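Working notes for the structure below.
The values are calculated or read from the model by the stated rules, or taken from the named source; none is laboratory data. Quantities reported herein were computed from a predicted structural model and do not represent experimental measurements. We place every Cβ from the backbone using ideal geometry, glycine too, and count neighbours over all the protein chains shown.
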Amino acid sequence: MKKLLILLFSLFLLSSPSVFADDISDFEIEGISIGDSLLDYMTEEEILKEIERTKDWYHFLKEPNKYVNIFLEGEFLNYDYLGFMVRNNSSNTYVTNKNEKYEILSIVGDKSYLENFDSCIEKRNEIAEIFSKSFPNADKFEGIDKINSDSSGRSIVDQITFQFDSNFTISVLCDNYEETFRLKNKWSEGLRVKILTNEIDEWLLDLD
């Protein structure tokens with residue numbers, strides 16, 4: 001059975017917390033796993049609309065359009081919305097195999113803590129502590145980074161990341177945007193639980 005990566009309001013639960021997982025497909029957020037097709041959860045029309053909306057978000061990277069963000073709102077059990085990364089299928093530039101079309105390469109569960117950064121950090125630390133005990137063999141990294149898309153330098157992300165041997169990471173983080181920047185982009189802010197492949201992680205670090 002897949003291990004559920006589920007954030008509840010009072011507790012962070014894993015179905016088999018004593019087992020060290022080494023396969024990214026063992027983890028789910030709201031029943032969705034890395035490697036699933038996004039077409040199982042959205043229509044292609046909805047996906048293409050999201051690609052158009054978010055296509056300029058990563059202008060600061062060397063290959064800003066190699067991957068794209070897709071967001072899905074719904075009545076989820078634990079999150080306000082979910083976010084996904086897929087290869088950019090608006091052209092064939094980065095897709096060499098038709099079976100890769102809209103393959104999910106990262107999943108983010110997002111819970112709003114609007115202008116409530118301290119409460120977000122408290123919940124983040126609670127989740128990270130359970131993760132540390134559940135997966136003692138994972139490499140753990142902590143840090144506060146500026147958010148590259150905000151040129152003011154006043155938006156930050158405070159995250160704890162667990163690196164697994166099978167080339168994926170799981171992060172729990174809180175982002176805190178400079179308010180003018182946040183309102184301009186119509187973004188929320190708060191807690192995120194994120195599963196991503198190293199493929200996406202390396203792309204996000206490859207700045208122009």
Report yes if Ser151 is within 13 Å of the chain's Cα centre (by Cα) and either hydroxyl-bearing (Ser, Thr, Tyr) or farther than 16 Å from Ile29 by Cβ (or both), otherwise no.
-> no
For the range 29-50, what are the residues that are of a type in the set (A, V, I, L, M, F, W, C) and in contact with a strand residue (DSSP E or B) (Cβ under 7 Å, 6 or more places away or on another chain)?
-> Ile29, Ile32, Ile34, Leu38, Met42, Ile47
Filter the range 49-67 down to the residues that are closer than 16 Å to Asn185 by Cα and basic (Lys, Arg), then identify the one that is surrounded by the fewest Cβ atoms within 10 Å (Cβ to Cβ).
-> Arg53
Hits in the range 116-160 - residues which are of a type in the set (Asp, Glu) and in contact (Cβ under 8 Å) with a residue 60 or more places away in the chain = Glu126
Candidate set: the range 177-196, residues that are without any contact (Cβ under 8 Å) to a residue 60 or more places away in the chain and either touching a Leu at 6+ places or on another chain (Cβ under 7 Å) or within 23 Å of Val86 (Cβ to Cβ) (or both); chosen: the one surrounded by the fewest Cβ atoms within 10 Å (Cβ to Cβ) = Lys186
Could you tell me which residue of the range 55-79 is farthest from Leu38 (Cα to Cα), considering only residues that are free of Cβ contacts under 8 Å to residues at least 12 places away in the same chain and of a type in the set (D, E, K, R)?
-> Asp56
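Here is a yes/no grid of residues against (1) in contact with a helix residue (DSSP H, G or I) (Cβ under 8 Å, 6 or more places away or on another chain); (2) over 26 Å from Arg87 (Cβ atoms); (3) surrounded by 21 or more Cβ atoms within 10 Å (Cβ to Cβ):
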| residue | (1), (2), (3) |
| --- | --- |
| Ile156 | no, yes, no |
| Asp165 | no, no, no |
| Asp175 | no, no, yes |
| Asn198 | no, no, no |
| Trp203 | no, no, no |
| Asp206 | no, no, no |
So which residues in the range 165-188 are among the aliphatic types (A, V, I, L, M) and either at positive phi or within 18 Å of the chain's Cα centre (by Cα) (or both), if there are any at all?
-> Ile170, Val172, Leu173
Does Gly190 satisfy being at pLDDT 90 or above and touching a strand residue (DSSP E or B) at 6+ places or on another chain (Cβ under 7 Å)?
-> yes
Check on Glu142, out of contact with any strand residue (DSSP E or B) (no Cβ under 6 Å at 6 or more places or on another chain) and not β-branched (Val, Ile, Thr) = no
Write out, first by first residue and then by second, each pair whose Cβ atoms fall under 9 Å of each other, whose residues are 6+ apart or on separate chains, and whose first residue, in the range 17-30, is closer than 26 Å to Gly74 by Cβ while the second is of a type in the set (Lys, Arg) and at pLDDT 70 or above.
-> Ile29/Lys194
Count of residues meeting criterion [part of a helix (DSSP H, G or I), surrounded by fewer than 14 Cβ atoms within 10 Å (Cβ to Cβ) and of a type outside the set (Gly, Ala, Ser)] in the range 104-121 | 1
